[in-house]
Structure formats: C-alpha cells, structure tokens
Amino acid sequence: MNPSLLDRRFATIGRHSPLFYDQPIELVSASGVWLTAADGTRYLDAYNNVPHVGHSHPRVVEALRAQAATLNIHTRYLNDRVVAYAEDLLSRFEEGLDRVLFANSGSEANEIAFRLAAQHTGATGVLVTDWSYHGNTRLLAGITTGLRTFEGLDPNVRAFPVPDLDDAANRERAEADVLAEALAAVDRAIEQLLEHGYGMSAVILETIFSTEGLPRVPEGYVQGIAERVRAAGGLVIADEVQAGLGRTGQRLWGYQRHGLLPDLVTLGKPMGNGHPLAAVITTDELLEEFGSRNEFFNTFAGNPVSSAVGHEVLRIMDDERLVERAARLGAEVRRDFDALTARYDRLGPTKGDGLFFGFGVFGDAARRIPDATTTKRIVEGIKARGVLLSRIGPHGNVLKIRPPLAIEDEHLPQLLGAIRASIDEALD
Ligand SMILES: Cc1ncc(COP(=O)(O)O)c(C=O)c1O
C-alpha cells in the first residue's frame, strides 16, 4: 500500500508541525472565501487572515505574475515599484510614522523592532503580556508566553496578565478597579526590570490580544501601559500582524482602537495575501539611528514582486471598501452572537472587534470554568458543517473566528448557521 500523504508528511516534515482537526484536511485549491479539499468538499474559510482580500484574488495573482515576468531582484538597486509601495503604505499611518523596513515574516519584523528599540534605549528589558505570541526567532522564543518553548522566558523579560472585564472574577467589579490593578502589575514588572539593571527597552502589544483570547480590556489600559513604559525610557511596539490592515473594522490599525501612537509598528500575515511580506513602520529618528549604526541589508524583503503584490492588496482594499465592510459585517455577526450567547448560560459574551470575534465556552455556567473539550467538539462540529474556524485563549475555550476580509453578506447564513447548529448540538 502506498503511504498516505499524512505519513509522507510525518516522514519528511516530522510529527510536530501542527495540523488542524482530528482528521486533517487536504486542501487543493481556493478562491475568495472558499477552500476546496481533495475529496471535493468545499469549506467556507472563517479562520484565515492571510488571504486578506480573498484566496487567489485574480488581481493579486496578476500583479505577482506580471512583475515576476518583468523583474525580480534583491533590494540594492533602485526600483520605482518598491518606492511607490512604500509611499502608499506609509500614507496610511499617522504623521511621524513615516519610515518602513521591509521584512519576510512577522517574526522577522518583531525581531528587527526589538533591535531598533534596544539600540535606541541602550536597555534590554522587555515587557510582554501573558499568553501571547510574536514569532519564532531566538529572541522571540525568549519572550513567548502563549506557546510552549524550550527556552522559557529570558531573564530580561517580564510578563504581565491582560485583564478581561468579562472574566468571572471581574464581572461584578468596577472597571476603574480592574484597570488600577492591571496597571499596578505593569508598574511592578517595570520596577523589577529596572531593579535588575536591564532597563526598559520595549513593550510589545498585540493590539487585539488574540492569543490571549480576545479579552475586553478596560478603557485606557493600553494607553496606561504605554505611558508607564515611556516614563521608564522604553518604546512601544504595536504588533499588527493579526489586528492590522483593517481587521478590526472602521480603522486600518488595531492600535487606533486604544488611542495609542506606537514608536514601532510591525506588520505581516495579510500584507501580501499569502506572499511572504512583512514590515516594521517607524520614525525617521529611529531608522536613522539604526541605519547609521548597522549595515543592515535584506535580500528578499521588499523586492519588486513582493512590492507589486503588497501594493495591489492595498488598492483592492480601497476599491472593494473592505475596511468598511469588515465593520458592517462584524456588527451584524456580533448581533447574531449576542442573541446566541444570551440563550446559553454556558456561553460568555461576544468578544473581539470587526471581523475578528468569538465567545467563551464554559463547563460550569455559574463559576465560568472554561471548557476546552466542548469547545473543540464545537469546532469539529462546525467543520462537519462546512465552515473552518478555530479556538484560542489560555484555556482554549474561546472560538476564533477571523474570515478573510473578502467575506460577503451572502456567506453569513452558512457561517452563522453552522456555528448555531454546532452549539445547539453540543450544549442542548
Ligand atoms: C501576533 C503575531 N505576531 C507575529 C507572528 C509571527 O509571524 P510569522 O509567522 O509570519 O513569523 C504571529 C504569527 O502567528 C502573530 O500571530
């Protein structure tokens, strides 16, 4: 008997590379929000944020093809495509955030951001939230709190918990008290970094706190962190790898939800619609300082093909008004979820923003004990109904629903119907 594709994968890529679902799906093609499996099943994609403007968008495919057929070269020559893309991308940020360093992945962008911060501040102390993920380089393994890493936290790193106003422990408390307690934890973490001589280099914040489980944070929380870090001499890195490019609806960048102006913004996943493209956005001052101290060069990042693809993604977002759509459809889904979660006392309130949402599943309604097993069953049930999504959070009990921004009104009945039916099946 021929070995299965799964066995061949294990024999080459190994057994530890993660695969979704009890029975992994073999995918063979995709278009818009639809994925087609080898057995012919079509799935509505409610999980993937990388195919931002839609899988295999014909305009992205053509931009890639046309530029690949014309010129692709490393980044040490002048090329108008690259500069035009940088100009367009930067025009979408606030004044002052007017320089870009292209990168190949979100990990690389975050690694570079930390390098800039350390060189600017002369400090090495890093603050990170509990249960977060920012990438897979050595430095980032040493700040990872949301996935298992052999390295563990590096000595110059302190993690602090992100408060969730929806948590059982916080539901009856005043928001101001939750905020004060959460910021006191940040103060303590900064004090420790200073006491141990690391100084304050940077805090990194994923601006929708997705790995953390989409907590509903108190008003002023993110600004409060930024003020404290800056007062201690550090910089603020906004990781927009998941929350950026309109994901949260109404606005392009997740940090804008919090009234924050970061010193460094890191971008990835959706930028290239599947083509490896990422960036660090920063100030002239920080880039000048870094550039004058380092002969920094990147072979692939920001090459003409990547730039053609990234630029086309921005144009499609404008032409198809995807950010406004994310806000409108997100609000519609939220209304539906609010009705659904009100029906079951084992479901927490709707979480998230724009086209990134979910809700918690609990085993004990009164005490809100997270129920990962039932959540997994619900995710599998939704898959059986032709919709792909996942789950997140420290307890793995928050549904993670994050479709391509290309999702349209006509897809909502299948999305919501599959979720409703699977919830009914699991909880009724
Ligand atoms: C918030 C966040 N930052 C950074 C990364 C790393 O990006 P990449 O996998 O492109 O290196 C990820 C990947 O999941 C992410 O979710």
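The values are calculated or read from the model by the stated rules, or taken from the named source; none is laboratory data. All figures in this text were calculated on a predicted structure; none of them were measured in a lab. Don't worry about glycine lacking a Cβ; one is built from the backbone with ideal geometry, like all the others, and counts go over all protein chains shown. Surface accessibility is based on the protein's heavy atoms, side chains included, excluding ligands, DNA and RNA. Shrake-Rupley method; radii C 1.70, N 1.55, O 1.52, S 1.80 Å.
A few comments on the model shown:
- Filtered residues of the range 306-340 (kept if open to solvent by 10 Å² or more (accessible area, probe 1.4 Å), in contact with a Phe, Trp or Tyr (Cβ under 7 Å, 6 or more places away or on another chain) and more than 24 Å from Ala63 (Cα to Cα)): Arg334
- Among (1) more than 11 Å from the ligand (Cβ to nearest atom); (2) of a type in the set (Val, Ile, Thr); (3) open to solvent by 10 Å² or more (accessible area, probe 1.4 Å); (4) under 18 Å from the mean Cα position of the chain (by Cα) - the single one Val241 does not satisfy: (1)
- Checking the range 163-171 against the condition returns no match, with no residue being in a helix (DSSP H, G or I), in the same structural domain as Pro304 (by TED's automatic domain parsing), in contact (Cβ under 8 Å) with a residue 60 or more places away in the chain and surrounded by 16 or more Cβ atoms within 10 Å (Cβ to Cβ).
- The set of residues in the range 104-117 being touching a strand residue (DSSP E or B) at 6+ places or on another chain (Cβ under 7 Å) and near the ligand (Cβ under 9 Å from one of its atoms) consists of Asn104, Ser105, Gly106, Glu108, Ala109, Asn110.
- Scanning the range 204-253 for residues that are within 21 Å of Arg325 (Cα to Cα), in contact (Cβ under 8 Å) with a residue 40 or more places away in the chain and in contact with a Leu (Cβ under 9 Å, 6 or more places away or on another chain) yields Thr207, Ile208, Val241, Leu245, Gly246, Arg247, Thr248, Gly249, Leu252, Trp253.
- The residue that is nearest to Gly234 (Cα to Cα), among those in the range 100-145 that are polar (S, T, N, Q) and open to solvent by 20 Å² or more (accessible area, probe 1.4 Å), is Thr121.
- The set of residues in the range 214-229 being in contact with a strand residue (DSSP E or B) (Cβ under 7 Å, 6 or more places away or on another chain) and open to solvent by 30 Å² or more (accessible area, probe 1.4 Å) consists of Arg216 alone.
- Sole exception among (1) crowded, with 22+ Cβ neighbours inside 10 Å; (2) at pLDDT 95 or above; (3) out of contact with any Asp or Glu (no Cβ under 6 Å at 6 or more places or on another chain) for Gly393, by number: (2)
- Arg158, sole failed condition from (1) surrounded by 22 or more Cβ atoms within 10 Å (Cβ to Cβ); (2) assigned to a helix (DSSP H, G or I): (2)
- The residue that is farthest from Ala384 (Cα to Cα), counting only those in the range 1-42 that are among the aromatic types (Phe, Trp, Tyr) and within 23 Å of the chain's Cα centre (by Cα), is Trp34.
- Under the condition of being within 14 Å of the ligand (Cβ to nearest atom) and farther than 11 Å from Pro262 by Cβ, the residues counted in the range 202-238 number 8.
- Residue list for the range 244-269, filter: assigned to a strand (DSSP E or B) and either open to solvent by 10 Å² or more (accessible area, probe 1.4 Å) or within 11 Å of the ligand (Cβ to nearest atom) (or both): Thr266, Leu267
- Which numbered condition Phe297 misses (of (1) in contact with a strand residue (DSSP E or B) (Cβ under 9 Å, 6 or more places away or on another chain); (2) not assigned by TED's automatic domain parsing to the domain that holds Asn49): (1)
- Residue check for Arg148: closer than 20 Å to Leu264 by Cα and open to solvent by 10 Å² or more (accessible area, probe 1.4 Å): no
- Just one of (1) touching a residue at least 60 places away in the same chain (Cβ under 8 Å); (2) open to solvent by 20 Å² or more (accessible area, probe 1.4 Å); (3) touching a Gly at 6+ places or on another chain (Cβ under 7 Å) fails for Arg367. It is (3).
- One residue alone among Gly302, Gly330 is in contact (Cβ under 8 Å) with a residue 12 or more places away in the chain and under 19 Å from the mean Cα position of the chain (by Cα), and that residue is Gly330.
- Qualifying residue in the range 276-288 (condition: away from the ligand (no atom under 13 Å from the Cβ), assigned to a helix (DSSP H, G or I), of a type in the set (Val, Ile, Thr) and at pLDDT 95 or above): no
- Residue in the range 57-69 that is touching a Leu at 6+ places or on another chain (Cβ under 6 Å) and assigned to a loop (DSSP other than H, G, I, E, B) present: no
- Checking each residue in the range 408-417 for being surrounded by fewer than 23 Cβ atoms within 10 Å (Cβ to Cβ) and within 24 Å of the chain's Cα centre (by Cα) picks out Glu408, Asp409, His411, Leu412, Leu416.
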